[in-house]
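Okay, structure first, notes after.
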Amino acid sequence: MRSDMAGRLYHVIDTRGFDRPLLDELCELTTTVRNIAKTVAGAQALQALLPHARAMLYFPQPSTRTFLSFNNACHILGIRTSEIRDPATSSEVKGESFDDSIRTFSSYVDVIIMRTPEAGYAARAAAQMDRIPRPVPIVNAGSGKDQHPTQALLDIYTLERSFADRGGIDGKVIAMMGDLKRGRTVRSLCGLMRNYRGVRLVLVAPAAFAMEDDVKVELRAQGIPFTETSRLADVLPEIDALYVTRIQTEWDTAEESRGMDYAQFGINLANLPLLKHDAIIMHPLPRGPEIDPAVDEDPRAVYWRQERNGMWMRVAILVKIFRLEDRIAALAATLPPAPADRA
Ligand code: ASP
């Protein structure tokens, strides 16, 4: 993330620079906009905020939730959208460079939201924007195996909201499980943990997919205690949140994940009773076999809410980028209260 002034957002590249006041503000803003959007008058008022703005959604890497939630977040604020999802339909097939493609997008729009299979490309696009006469903000919607900052923000919102009556994230034990090596969501989420007091992390992974050292070095430097294990059953009774991830087979170079007994890294009706009654289960989705669909019925499963939270958090991110916080506060003060929402 690069903010040009304290508390402001411009490029959103990684989780560095997100401090607690900004995170708290984004979470509050997320709840405010979703409440405003519940009435027709509120939804229309939101759509009237940015009818002059245009966004480019550049998603050459596959996406369902992040693409759809950003697309709909833009529409909630009245932003018109253009998209490239298949590079075969763009001038990249004629050999146009990444830098020239990004510069071209910037000629037509006011924000570029992008996901690439390569790590570092969002940062590269942001650096290019900082050199050209008409820069636009770059939002990283997933860069290779490395970063997924807006997912981390919606995860923070989901955690805070789930623990709202228990002091929020502070003091919680959070387990992250699965392919921690190649999962960008857990890498980004770890990057935000320094903002919360008394948090302890439990990293549950097969040895082959343990969390990378760069993240662990950072956690140690920030004084965030963590333990590593491959035995989920041992830790289930002590954790407040279980953040499950899938094995990221798309990154296999030598079929590393083939034949792996992944059953130990899943949650199902057999091991669910070990989890505390007030713990929560999250997943960035899509899921594989690591969460039995029967678990969906359990009140501790919050991943479908987490998915929906993503759209509202992305509205809040756009509100911050376009500096509409005051307009949102004014709307919240004048519109009639919205019906209660349990999600
Ligand atoms: N949807 C998330 C991502 O894009 C998680 C995943 O694919 O496993 O990283």
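The values are calculated or read from the model by the stated rules, or taken from the named source; none is laboratory data. Computed from a predicted structure; not experimentally measured. Virtual Cβ from ideal backbone geometry, glycine too; neighbours counted across all protein chains shown.
So here's what we get for this one:
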{"quantity": "Index of the failed condition, residue 17 passing every other in (1) within 30 Å of residue 195 (Cα to Cα); (2) in a loop (DSSP other than H, G, I, E, B); (3) modelled with pLDDT of 95 or more; (4) not β-branched (Val, Ile, Thr)", "calculated": "(3)"}
{"quantity": "Subset of region 29-67 [free of Cβ contacts under 8 Å to residues at least 40 places away in the same chain and within 16 Å of the ligand (Cβ to nearest atom)]", "calculated": "62"}
{"quantity": "Residue match in region 323-343 (condition: closer than 30 Å to residue 210 by Cβ and part of a helix (DSSP H, G or I))", "calculated": "no"}
{"quantity": "Within region 276-287, tally of residues that are in a loop (DSSP other than H, G, I, E, B), within 13 Å of the ligand (Cβ to nearest atom) and either crowded, with 16+ Cβ neighbours inside 10 Å or over 19 Å from the mean Cα position of the chain (by Cα) (or both)", "calculated": "4"}
{"quantity": "Sole exception among (1) part of a loop (DSSP other than H, G, I, E, B); (2) in contact with a Leu (Cβ under 8 Å, 6 or more places away or on another chain) for residue 175, by number", "calculated": "(1)"}
{"quantity": "Residue within region 82-91 that is assigned to a loop (DSSP other than H, G, I, E, B), within 16 Å of the ligand (Cβ to nearest atom) and in contact (Cβ under 8 Å) with a residue 12 or more places away in the chain present", "calculated": "yes"}
{"quantity": "Some residue of region 171-193 being surrounded by fewer than 19 Cβ atoms within 10 Å (Cβ to Cβ) and of a type in the set (D, E, K, R)", "calculated": "no"}
{"quantity": "Region 288-304, residues that are away from the ligand (no atom under 16 Å from the Cβ) and surrounded by fewer than 19 Cβ atoms within 10 Å (Cβ to Cβ)", "calculated": "292, 293, 294, 296, 297, 298, 299, 300"}
{"quantity": "The listed residue being in a helix (DSSP H, G or I), at pLDDT 95 or above and within 16 Å of the ligand (Cβ to nearest atom), out of 105, 70", "calculated": "70"}
{"quantity": "Subset of region 221-241 (residues that are more than 15 Å from residue 190 (Cβ to Cβ) and within 23 Å of the chain's Cα centre (by Cα))", "calculated": "239, 240"}
